[in-house]
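Colleague: Sharing a structure with you now.
None of the figures in this text is laboratory data; all of them are computed from the coordinates on show. Values in this document were obtained by computation on a predicted structure and should not be read as measured data. We place every Cβ from the backbone using ideal geometry, glycine too, and count neighbours over all the protein chains shown.
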Amino acid sequence: MTQKLVVIGAGMASGRVLEHLFEAGADYDVTLFNAEPRGNYNRIMLSPVLSGDKTYEEIVTHDHAWYAAHGVACRFSEHVVKIDRDRKIVVGENGEVAYDKLLIATGSAPFIIPVAGKDLPGVISYRDLDDANAMIGAAAMGGSAVVIGGGLLGLEAAAGLKNRGMDVTVIHLMGHLMERQLDPSAGYLLQRELEQRGIKVHCKGATKAILGHDRAEAVLLEDGTVYPADLVVMAVGIRPETRLAVDAHLEVARGIVVSDQMVTSDPDVLAVGECVEHDGQLFGLVAPLYDQAKVVARTLQAEPAAFRPVQTATKLKVTGCDLFSAGDFAEAEGREDIVFRDPARGLYKRLVIERDRLIGAVMYGDTADGNWFFGLIKDGTEIEAMRETLIFGPAYQGGAAMDPTAAVAALPADAEICGCNGVCKGRIVEAITGGATTLDAVRAQTKASGSCGTCTGLVEQVLAVTLGDDFVMPAAKPVCACTELTHEDVRRMIKSQELKSMAAVMQELGWKTSCGCHVCRPALNFYLLADWPLDYQDDPQSRFVNERKHANIQKDGTFSVVPRMWGGLTNPRELRAIADAAEKYNVPTVKVTGGQRIDLLGVRGEDLPAIWADLNRAGLVSGHAYSKGLRTVKTCVGTDHCRFGTQDSTGLGVKLEKALWGSWTPHKVKLAVSGCPRNCAEATCKDVGIVCVDSGYQIGVGGAAGMDVKETERLADVKTEEEAIALTIAFVQLYRENAKYLDRPYKFIAKVGLDWVKARVVDDVANRAALIERFQLSQSVYQKDPWAEHVETERARYVPLANLMLEAAE
Amino acid sequence: MTTWIDIGSLEDIPQRGARVVKTAMGCVAVFRTARDEVFALSDRCPHKGGPLSEGIVHGKSVTCPLHNWVFSLETGQAQGADEGLVPTYPARVEGSRILLDATQLARRSAA
């Protein structure tokens with residue numbers, strides 16, 4: 001006998017239930033209530049509709065013809081008033097319907113934060129097509145929009161509105177975006193990406209009120225900030241829509257409580273989707289809802305089935321943001337991280353491992369391997385054997401089946417690569433052979449990976465397959481053969497795991513050699529002393545000879561000696577001492593350097609302590625002309641003598657040199673101060689170059705005049721000498737704390753971006769002060785003349801251990 | 001015949017470091033590894049004559065400070081793609097004293 005099934009709610013979950021039922025030929029008369037004036041559509045694709053990439057017609061899952069074909073009595077635009085379980089009747093606005101089985105699929109309702117002004121016109125939530133259409137309508141008028149909530153939905157709304165030409169600000173209560181799916185690093189990259197596209201992001205922002213008279217005009221935050229808003233979108237979260245179930249006295253906790261068979265506390269009433277609570281858990285992503293739908297369909301056919309929630313992964317569909325998260329990635333005891341970063345490409349990948357199993361993954365920028373990692377998490381695969389290359393994905397794990405490039409190569413020409421734009425492999429290959437040899441070019445010509453971007457990795461692989469060796473897939477470069485880790489990984493882990501000795505680094509980070517090599521040890525030595533100036537003991541044996549012997553080794557094994565001349569200033573007394581030393585130690589060459597110092601070339605190693613002692617007596621100290629540290633501050637004569645000078649450039653140069661000397665840095669650091677824009681000190685090609693002008697000081701950073709020639713970029717213009725010194729010190733410390741060993745500042749800036757530097761050194765005054773404080777702490781340890789120290793304590797090391805020639809002569 | 005002569009204390013050389021001993025045939029670099037093994041090699045890189053005693057010592061290898069050639073302290077053989085051989089000399093530690101074979105050095109100086 002045909003039974004009567006009533007379904008309340010035409011969403012994706014109940015839609016899937018009906019599909020299963022009809023496919024199985026189940027004997028039901030179906031009545032479908034929906035408050036919306038339409039049937040089932042793909043809600044996940046609302047964001048592409050909002051951004052204009054798709055139309056409503058394209059995302060309809062079940063149209064009128066489908067419902068008609070399956071004999072579904074559609075009661076759309078009709079609210080259900082109540083469920084009468086005693087009479088087994090659903091009461092709609094337009095009349096009653098009897099049921100044998102009832103399926104509640106009421107979904108969820110947006111959570112509206114209870115602030116003043118929440119009911120003003122212009123304040124909307126983001127749940128259904130009507131909301132999307134309301135936003136599209138509002139965006140057509142232009143103006144400003146504020147999205148409250150920096151989760152998945154809020155960001156999609158923000159991106160869509162921005163796409164439609166509005167000024168968009170996202171207010172997010174937490175410290176970083178999408179905190180449930182992302183860790184702070186990935187959240188930061190996402191924020192940067194959105195900001196680069198002109199979306200303002202305000203984290204740690206608590207909404208106090210929505211202001212406006214007849215309609216929303218602005219949003220006021222607890223901290224007093226006011227953002228103008230013609231449109232306010234609330235996307236702070238959802239809660240299960242349970243009102244009908246509560247009124248019907250079904251068991252409801254946060255959601256409608258269901259058994260494994262998706263049956264509520266009434267055996268004839270089932271529930272599915274976002275309105276249910278199963279085993280204390282709520283569901284918002286589509287994959288588990290589809291699993292539930294399968295179970296509901298089987299239960300309705302009196303077949304055994306049980307819903308078992310599985311882990312889910314998230315991919316964010318904000319055009320161009322390639323983002324993936326799965327599993328649990330909170331830091332906890334017993335968990336380890338594997339992290340890969342490439343700041344220049346904006347890549348970030350983090351794997352969380354617990355007891356040799358992958359339990360979480362967060363990826364930003366390249367998520368091609370996301371599903372593979374997700375598989376490892378779901379299956380609980382032991383990863384010990386592939387741990388070292390795990391983060392590089394399946395391509396590095398060997399075995400033909402796992403090689404994604406081979407898999408892509410095997411795809412037929414009509415295989416769809418980009419689902420958003422319907423681009424197949426053949427079309428991409430055609431573009432590549434036609435000359436589009438980069439991702440950008442392929443994107444421009446075919447639109448492949450141009451929408452949601454999740455297929456970027458696939459497109460890259462098509463490029464690799466088609467171009468062969470001509471396409472260079474960017475890869476992570478480890479520090480050296482002793483480790484698989486990159487410099488960035490190592491620096492991060494030294495900080496995060498508080499590794500304070502070289503042994504600790506090598507042990508904890510799994511060095512493959514017993515004591516490193518000539519490549520990694522100098523880098524580690526620097527990272528450790530820069531991060532832990534008070535705890536770490538500098539290791540001279542991990543330094544290149546120049547820094548161990550405080551002189552520059554020459555091709556014949558002799559050394560050069562360069563005393564410091566503050567700001568390039570000297571005097572007759574110093575010059576006499578230098579002349580005397582040159583004569584006394586038979587120095588063959590005396591030369592003026594490019595940094596305004598005097599170089600004594602050709603000093604024998606064993607004479608070094610003696611010549612230093614002589615120079616020390618005249619008040620001369622090491623010029624560090626050999627170190628990865630502050631070299632020189634070059635100056636012009638400034639206002640003292642020059643008729644064009646605008647400020648005391650020489651004096652500022654001396655002050656900077658006095659502040660910075662003795663500090664170790666990732667590579668050498670050279671400064672200059674010019675007294676006017678004629679720039680006689682050539683400040684605009686230095687690591688930090690200051691050009692004095694009438695109104696103050698122009699501070700430039702990231703210049704170069706070596707293998708690369710580069711003009712400085714402007715860090716800031718300041719009015720006073722004190723500010724110029726403070727910004728310089730803060731910049732140097734930022735560079736010390738974050739740069740890769742042997743990267744000059746211009747390379748460091750190219751990787752992190754000048755804006756990142758400015759935000760920390762110029763804009764964030766508290767952070768600037770903290771940087772300066774940490775620099776001073778380090779200087780309290782390292783600002784000592786190494787020449788005087790070595791004369792005092794290390795003298796013996798500079799002479800031969802033994803002289804067998806003397807014994808032979810006896 | 002072997003004549004061991006005492007050239008100094010182990011403590012005179014830093015771990016993962018070297019000191020030079022002057023001989024009639026030129027300087028000999030005496031290396032001490034992280035595990036207190038001692039090796040003696042000619043202090044001259046076969047590439048461009050760099051002073052190996054100034055190089056960074058890692059494992060049982062040293063990297064020349066001039067152009068980063070790496071040599072085995074045990075065999076004197078250049079590692080990796082580079083080709084070259086540094087003369088080695090017998091050396092051992094007795095107690096805390098470092099001993100070199102004088103006959104070896106003498107024979108070479110006599111040759």
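Colleague: I'd like the distance between the alpha-carbon centres of the stretch B:39-54 and the stretch A:696-773, rounded to an integer number of Å.
Modeller: Value for the Cα centre distance between the two parts: 41 Å.
Colleague: Report the semi-axes of the equivalent ellipsoid for the protein assembly as shown in whole Å, largest first, where each axis is √(5λ) for an eigenvalue λ of the Cα gyration tensor.
Modeller: Computed over the protein assembly as shown, the values are 69, 34, 23 Å.
Colleague: Highest mean first, what order results for A:173-184, A:585-596 on Cβ atoms within 10 Å?
Modeller: In descending order of packing, they fall as A:173-184, A:585-596.
Colleague: As a test of the formula, what do you get for chain A when each DSSP H run with n ≥ 4 contributes -39,500 (n - 2.57) and the sum is divided by the residue count, at 222 nm and rounded to the nearest 500 deg cm²/dmol?
Modeller: Mean residue ellipticity at 222 nm (helix-derived): -9500 deg cm²/dmol.
Colleague: Write out the cysteines belonging to chain B for which the nearest other cysteine Cβ is not under 4.7 Å, or none if no such cysteine exists.
Modeller: B:Cys27
Colleague: Which of B:Cys27, B:Gln77, B:Phe39 sits farthest toward the positive end of the charge dipole of the stretch B:4-110, with +1 on the Cβ of Lys and Arg and -1 on the Cβ of Asp and Glu?
Modeller: B:Cys27
Colleague: Please report the relative contact order for the stretch A:630-784, taking Cα pairs under 8 Å with a sequence separation of at least 6, and give it as a percent rounded to a whole number.
Modeller: 19 percent
Colleague: Further, regarding this structure: At 222 nm, what helix-only mean residue ellipticity would chain B give, in deg cm²/dmol to the nearest 500, using -39500 (n - 2.57) for each DSSP H run of four or more?
Modeller: Result for chain B: -2500 deg cm²/dmol, rounded to the nearest 500.
Colleague: Separate question: List the aspartates and glutamates whose Cα sits under 18 Å from the Cα of A:Lys425, skipping any in the same chain fewer than 8 residues away.
Modeller: Straight-line reach from A:Lys425, under 18 Å: A:Asp403, A:Asp414, A:Glu416, A:Asp440, A:Glu460.
Colleague: Return the average number of partner chain Cβ atoms within 10 angstrom of each residue Cβ along peptide B:47-58.
Modeller: Across the residues of B:47-58, the mean count of other-chain Cβ atoms within 10 Å is 5.
Colleague: Moving to a separate point now. Would you tally the net charge around A:Gly143, using a Cβ to Cβ cut-off of less than 9 Å, leaving A:Gly143 out, and scoring K and R as +1, D and E as -1?
Modeller: Numbers: positive: none; negative: A:Asp167, A:Asp230.
Here the count lands on -2.
Colleague: Here is a follow-up. For a label point 7 Å from the Cα of B:Arg92 along Cα→C-beta, name the residues of the stretch B:1-32 whose backbone N is under 14 Å from it.
Modeller: Of the residues in the stretch B:1-32, B:1-6 have backbone N under 14 Å from the label point off B:Arg92.
Colleague: Something else about it: How would you order A:299-310, A:350-361, A:748-759, A:268-279 from highest to lowest mean count of nearby Cβ atoms within 10 Å?
Modeller: A:268-279, A:350-361, A:748-759, A:299-310
Colleague: With a bin width of 5 angstrom, please list the P(r) values of the stretch A:630-784 as percents of all Cα-Cα pairs, from the 0 bin to the one holding the largest distance.
Modeller: The distribution over the stretch A:630-784 is 2, 10, 20, 24, 21, 14, 6, 2, 0, given as percents.
Colleague: Among the listed pairs A:Lys751/B:Lys60; A:Lys591/A:Lys670; A:Lys162/A:Lys747; A:Lys162/A:Lys378, which are separated by more than 29 Å between their Cα atoms?
Modeller: A:Lys751/B:Lys60; A:Lys162/A:Lys747; A:Lys162/A:Lys378
Colleague: Would you please report the Å³ per residue occupied by the convex hull of the alpha carbon atoms in chain B? Can you show the working numbers first?
Modeller: Values: hull volume 10.3 nm³, N = 111.
Here the figure is 93 Å³ per residue.
Colleague: Can you give the net charge of the other residues whose Cβ lies under 12 Å from the Cβ of A:His20, counting K and R as +1 and D and E as -1?
Modeller: Working: positive: A:Arg16, A:Lys294, A:Arg298; negative: A:Glu19, A:Glu23, A:Asp291, A:Glu303.
After counting each charged neighbour, the total is -1.
Colleague: Can you say what percent of the DSSP beta bridges in the protein assembly as shown, counting only those with both residues inside, are antiparallel? Round to 5.
Modeller: 70 percent
Colleague: Students often check this: by mean Cβ neighbours within 10 Å, which of A:114-123, A:629-638 ranks highest, and how do the rest follow? Walk me through the numbers before you get to the answer.
Modeller: On the way: A:114-123: 14.5, A:629-638: 25.8.
Highest mean packing first, the order is A:629-638, A:114-123.
Colleague: Any idea what the relative contact order of chain B is, in percent, if you count C-alpha pairs under 8 Å spaced at least 6 apart?
Modeller: Relative contact order comes out at 28 percent.
Colleague: Still on this model: Averaged across the residues of A:530-541, what count of C-beta atoms belonging to other chains lies within 10 Å of each residue's C-beta? Intermediate results must be reported in sequence, preceding the final value.
Modeller: Working: counts 0, 0, 0, 0, 0, 0, 0, 0, 0, 3, 3, 10.
Per-residue shielding by partner chains comes out at 1.
Colleague: Taking K and R as +1 and D and E as -1, what net charge do the other residues with C-beta under 9 Å from the C-beta of B:Asp6 add up to?
Modeller: Neighbour charge sum, excluding B:Asp6 itself: 0.
Colleague: With N residues in the stretch A:123-236, what two-decimal value do you get for its Cα radius of gyration over 2.2 N^0.38 Å?
Modeller: Working: Rg = 13.1 Å, N = 114, 2.2 N^0.38 = 13.3 Å.
With N residues counted in the stretch A:123-236, Rg over 2.2 N^0.38 Å equals 0.98.
Colleague: With no solvent and one equal point scatterer per Cα, compute the Debye intensity ratio I(q)/I(0) for the stretch A:322-402 at 0.15, 0.18, 0.24 Å⁻¹ and report its log10, rounded to two decimals.
Modeller: The calculated log intensity ratios at q = 0.15, 0.18, 0.24 Å⁻¹ are -0.48, -0.69, -1.22.
Colleague: State the Cα centre-to-centre distance between the stretch A:629-673 and the stretch A:100-172 in whole Å.
Modeller: Value for the Cα centre distance between the two parts: 55 Å.
Colleague: Turning to a different aspect of this structure: State the extension gain, in nm to one decimal, for the chain segment bounded by A:Glu23 and A:Asp440, taking 0.36 nm per residue of separation less the distance between their alpha-carbons.
Modeller: Numbers: separation 417, 0.36 × 417 = 150.12 nm, distance 4.37 nm.
Result for the pair: 145.8 nm of gain on full extension.
Colleague: Continuing with the same structure: Within the stretch A:246-285, what residues put their amide N at less than 14 Å from the label point 7 Å along the Cα-to-Cβ vector of A:Arg357?
Modeller: none
Colleague: Counting only C-alpha contacts under 8 Å and six or more residues apart, can you give the relative contact order of chain A as a whole percent?
Modeller: Computed over chain A, the figure is 7 percent.
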